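To start, the structure under review is shown below, and the notes come after it.
The values are calculated or read from the model by the stated rules, or taken from the named source; none is laboratory data. Worth saying up front: this structure is predicted, and the values here are computed from it rather than measured. Cβ sites come from the backbone with ideal geometry, for glycine too, and all protein chains shown count toward neighbours. Calculation scope for accessible area: heavy atoms of the full protein, side chains included, ligands and nucleic acids excluded. Shrake-Rupley method; radii C 1.70, N 1.55, O 1.52, S 1.80 Å.
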Amino acid sequence: MTTTFAAWFHAATGNPPYPYQERLAQEAALPDVLEVPTGGGKTQAVVLAFLYRRLGGDETLRTATPRRLVFVEPMRALVEQTAAAARTAVERLVRAGLLASPVPVYVAMGGEPDGGWETDIEREVIVVGTQDMVLSRALNRGYALPRTRWPMAAGALSADCLFVWDEVQLLGSGLATSRQLAAARRRFGTFAPCADLWLSATVEPRLLATVDNPAPDPEGEGWRRLAPEDLAHPALRRRMEATRRIRRLSLPPARRGARGEGDAGRMAALAEHVRRLTEWRRAQDPTLLVVVNTVRRAQALYDALGGWAEAEGVDLLLAHSRFRGLERGRLAASLARSGANLPPRVVVATQVLEAGVDITSAHLVTEIAPWASLVQRMGRVNRDGGAPGAWVEWVDLAPDEASPYTPEALDPARAWLEAHEGESVTPAALTAAFASAPAAPAPLRAVLRMSDLFELADTTPELAGADIDVGRFVRGFGEEPEVALFWRPKPDEGTAPAWPTADELCPAPLYEARRLPFAGRAWQPDATGRRWVVARDLVPGGTYWLEPEVGGYSPARGFDADERAPVPSIPGAGGADPVHTPEGDRVSANWVTLDDHARDTRRELLAVLDRLAEGWPDLAPYRPVLELAALLHDRGKALDVFQNALSSGRGGGPPLLSPGRHWAKAPALGRYARPHFRHEAAGALALLAAPPPALATLPEPMRTLVVYLVASHHGRVRLTIRAHPDEPQEEGAVRVLGLEEGLEVPATDLGAFVAPAARLSLEPAQLGEGESGPSWVERMSRRLQELGPFRLYALELLVRVTDWRASAREARGDPAASAGTGGM
């Protein structure tokens, strides 16, 4: 018997759902846009609707809902809050017996361990990430990932995902990119349907319109708002009718000078005003919020209020996006406290409090901001209707003080505030005013074009090492990319230091971080993610280890490029494993033969395909392709250069094998005799030269696709095949990835069949058409055009995940591995 959504919601939250929350969970079709005022429970609505539709509702709801919920947030604070809310809901549903087992909740944000969410492909999962991490991965340029992992992350986001784009007014160019990606998935196709849901209390329809994806009709079925029955709900009605009175606060204009001098002077005047306010202390929840538009001004105001707060017994909190995880956690715990028994507190904040943060205050002082931001800020005043005497004071800004906004973006909000001076307003009035306000100038934003997706499909770096920069699609032209920093003493030479924990990592704007004196005192993970090397520069999305003496951080004030005091390290910090899962092809606890590993990989693949069969019907024609790729993926390991490296490793020589059998894995791997050797390139070229009968009988496009999947199963050889820049070349003997013209790859037993011997030709690595047919680039580009990027990424993911799973079973000595033979 199906349990009602109301029962699920009550079990997870202790409250009955609002009517709109029930509609979201129970109606057959998901909407495109959910526009609900601040405090209306959007996060709970989406998370619990997803869980119910997939695991609690009927068959119609389950099949209409993708199995992955991908919650995209514009800032880290919202990621942590949303992930915590999702985990709490899952835990309570498990305790109530409504979920048979926990649904994993993964976090994707700068410097955080991804936790392997890309490989968890056949069950329900919840992924909560920043727009930087999610969009860069969807565009095949995953920030903070090795290049070899980019296609896997793109594959995990290419099918069977419900994308929830939260707080759209803060997404910048990311909003246009989300709309273009939705259009691209429809145009080029996916193996399983994806859906998109855009959320906010303040949605401007015109900002949802892009060149390939018109905005949904605000009056149509795809655009959901609160209905009359929602507003009749007592708890929601109380929130919607809560008032706050508006008045203007005049401050002396900032004087321009050296870095921060004008800000400090203006913030000193604002601090004096805050010290004079007393009414808020008598409120039921004695909280005063002060919101300014830049981190530098927030830090200056915090400094100016410090002595007064200590003398008065006021709890002074600073909230912005540039704190380490440890301090962010403490701040979140402090903000979550509420009630009359707490000491009075003043929260100095930036835009981090505009969205999602569940806090209420009796008094707000805010710098003027664009309409959407201002509505969000005022939504943190008298949020639950318990402070009837609440005030909003706003501070105007001169044109040269408007940053990070343009002066024109502030005009509509200024006009409305001046017209309503002294009046009391409700969330309903704010929503209506926002909807009818004159449109602010459209922001300049980069627009992802369909052709960009095909360029981004190729992960081969330019010869100079550069890549296509997706920052303009992720954040925007004027929005600064971030890096993740942590501070520890210098690592010992030759050691493999522990990976940073979430408590240690601090997000920082890239160009500010570059002002730190980090030369020779900063480290970054190498391409494998297994060791740290000296960083010559800082790049978007990177994670960097700094010596404490570099400075740049204060536990009380957060990141500040002008801070020169040594940064205190966090005792006992350091994760045991790197954030990047090792590729698993090199070493194993056991000796594993190629035929056993081929069978194990095929077995894992078939199990995954069986579990995906219902939701991925379009994958069925590609089953033979995937099976052959699973069997053939390590074909190139039969070469002596690989076999000899295994036998020369620290684990001693290999056991003897019968003729025609070869080893795939060993306890250790020595150095290759051929520099830059890639066994996957050898295997792919061997299949072009001498395809086994099972491959030769496939239609040509399918044959080439098998070859591609064999080449790409480590993410290093994909749409382009060429020599490594440092590869030694000899006159008359060209080498490409350790391979030479005419190199003989021996026949090898792959369990289901024997792959014939092959003499390699490097002609496909050249440009143009040769005697053996089109070049590698031409062949693979045709498959990309036929399949589209999303389907290609998904096929790569399936082969790589099942290879990893087989390797993990073999390393554990799992009896399920290498059991049986099987055939095609």
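Pull up the stretch 510-557, narrow it to residues that are part of a loop (DSSP other than H, G, I, E, B) and without any contact (Cβ under 8 Å) to a residue 12 or more places away in the chain, then point me to the one that is most open to solvent (accessible area, probe 1.4 Å). Reasoning before the result, please.
Just the residues of the stretch 510-557 that are part of a loop (DSSP other than H, G, I, E, B), to begin with: 514-521, 526-531, 535-542, 547, 551-552, 555-557.
Among the residues that remain, those that are also without any contact (Cβ under 8 Å) to a residue 12 or more places away in the chain are: 519, 526, 536.
Working: Ala519: 87, Asp526: 32, Arg536: 222 Å².
This residue is Arg536.
Taking His713 and the conditions (1) under 30 Å from Trp150 (Cβ atoms); (2) open to solvent by 40 Å² or more (accessible area, probe 1.4 Å); (3) at pLDDT 95 or above, which numbered condition does it fall short on, given that it satisfies the others?
That leaves (2) as the condition not met.
Would you check which residues across the stretch 218-249 are touching a residue at least 12 places away in the same chain (Cβ under 8 Å) and in a loop (DSSP other than H, G, I, E, B) and list them?
Pro218, Glu221, Gly222, Arg225, Leu226, Ala227, His233, Glu241, Ala242, Thr243
Could you identify the single residue in Pro500, Pro491 that is modelled with pLDDT under 85, surrounded by 15 or more Cβ atoms within 10 Å (Cβ to Cβ) and more than 26 Å from the chain's Cα centre (by Cα)?
Working: Pro500 fails: more than 26 Å from the chain's Cα centre (by Cα).
Exactly one residue qualifies, and that residue is Pro491.
Can you tell me which of Leu719, Leu767, Leu695 is surrounded by 15 or more Cβ atoms within 10 Å (Cβ to Cβ) and either of a type in the set (Ser, Thr, Tyr) or part of a loop (DSSP other than H, G, I, E, B) (or both)? Break it down into steps so the answer makes sense when it comes.
Numbers: Leu767 fails: surrounded by 15 or more Cβ atoms within 10 Å (Cβ to Cβ); Leu695 fails: either of a type in the set (Ser, Thr, Tyr) or part of a loop (DSSP other than H, G, I, E, B) (or both).
Only one candidate qualifies: Leu719.
Among the residues of the stretch 46-87, which ones are polar (S, T, N, Q), touching a Ser or Thr at 6+ places or on another chain (Cβ under 9 Å) and at pLDDT 95 or above?
Taking the stretch 46-87 first, the residues polar (S, T, N, Q) are 60, 63, 65, 81-82.
Subsequent filtering for residues that are touching a Ser or Thr at 6+ places or on another chain (Cβ under 9 Å) retains 81-82.
Once the filter is applied, which keeps residues that are polar (S, T, N, Q), touching a Ser or Thr at 6+ places or on another chain (Cβ under 9 Å) and at pLDDT 95 or above, the stretch 46-87 yields nothing.
What pairs come up if the first residue lies in the stretch 371-383 and is among the basic types (Lys, Arg), the second is assigned to a loop (DSSP other than H, G, I, E, B) and open to solvent by 10 Å² or more (accessible area, probe 1.4 Å), and their beta carbons are under 7 Å apart, counting only those six or more places apart or on different chains?
Close Cβ pairs satisfying both conditions: Arg380/Thr360; Arg383/Gly39; Arg383/Thr360.
At pLDDT below 85, under 21 Å from the mean Cα position of the chain (by Cα) and surrounded by 14 or more Cβ atoms within 10 Å (Cβ to Cβ) - does that describe any residue in the stretch 558-573?
For the stretch 558-573, residues at pLDDT below 85, under 21 Å from the mean Cα position of the chain (by Cα) and surrounded by 14 or more Cβ atoms within 10 Å (Cβ to Cβ): absent.
Just checking, how many residues over the stretch 383-408 are more than 28 Å from Pro205 (Cα to Cα) and either of a type in the set (A, V, I, L, M, F, W, C) or open to solvent by less than 10 Å² (accessible area, probe 1.4 Å) (or both)?
Adding up the residues that qualify gives 6.
Quick check: is even one residue across the stretch 727-743 assigned to a loop (DSSP other than H, G, I, E, B), in contact with a strand residue (DSSP E or B) (Cβ under 8 Å, 6 or more places away or on another chain) and within 30 Å of Gly142 (Cα to Cα)? Talk me through it step by step, then tell me what you get.
Kept after step one, since they are assigned to a loop (DSSP other than H, G, I, E, B), are these residues of the stretch 727-743: 727-729, 731-732, 734, 737-738, 741-743.
In the following step, the residues that additionally are in contact with a strand residue (DSSP E or B) (Cβ under 8 Å, 6 or more places away or on another chain) were identified as 727-729, 734, 741-743.
Keeping just the survivors that are within 30 Å of Gly142 (Cα to Cα) gives 727.
Scanning the stretch 727-743, I find at least one residue that is assigned to a loop (DSSP other than H, G, I, E, B), in contact with a strand residue (DSSP E or B) (Cβ under 8 Å, 6 or more places away or on another chain) and within 30 Å of Gly142 (Cα to Cα), so the answer is yes.
Do we have Glu91 as free of Cβ contacts under 8 Å to residues at least 24 places away in the same chain, closer than 28 Å to Val134 by Cα and open to solvent by 50 Å² or more (accessible area, probe 1.4 Å) here?
Working: free of Cβ contacts under 8 Å to residues at least 24 places away in the same chain: yes; closer than 28 Å to Val134 by Cα: yes; open to solvent by 50 Å² or more (accessible area, probe 1.4 Å): yes.
The answer is yes for Glu91.
For the stretch 670-687, how many residues meet the condition of being in a loop (DSSP other than H, G, I, E, B), small (Gly, Ala, Ser) and under 35 Å from the mean Cα position of the chain (by Cα)? Talk me through it step by step, then tell me what you get.
Quick first cut of the stretch 670-687, residues in a loop (DSSP other than H, G, I, E, B) only: 670-678.
Those left that are additionally small (Gly, Ala, Ser): 670, 673.
Remaining after also requiring under 35 Å from the mean Cα position of the chain (by Cα): none.
Residues in the stretch 670-687 being in a loop (DSSP other than H, G, I, E, B), small (Gly, Ala, Ser) and under 35 Å from the mean Cα position of the chain (by Cα): 0 in total.
So, in the stretch 289-317, how many residues would count as being surrounded by fewer than 24 Cβ atoms within 10 Å (Cβ to Cβ) and part of a strand (DSSP E or B)?
Selection size over the stretch 289-317: 3.
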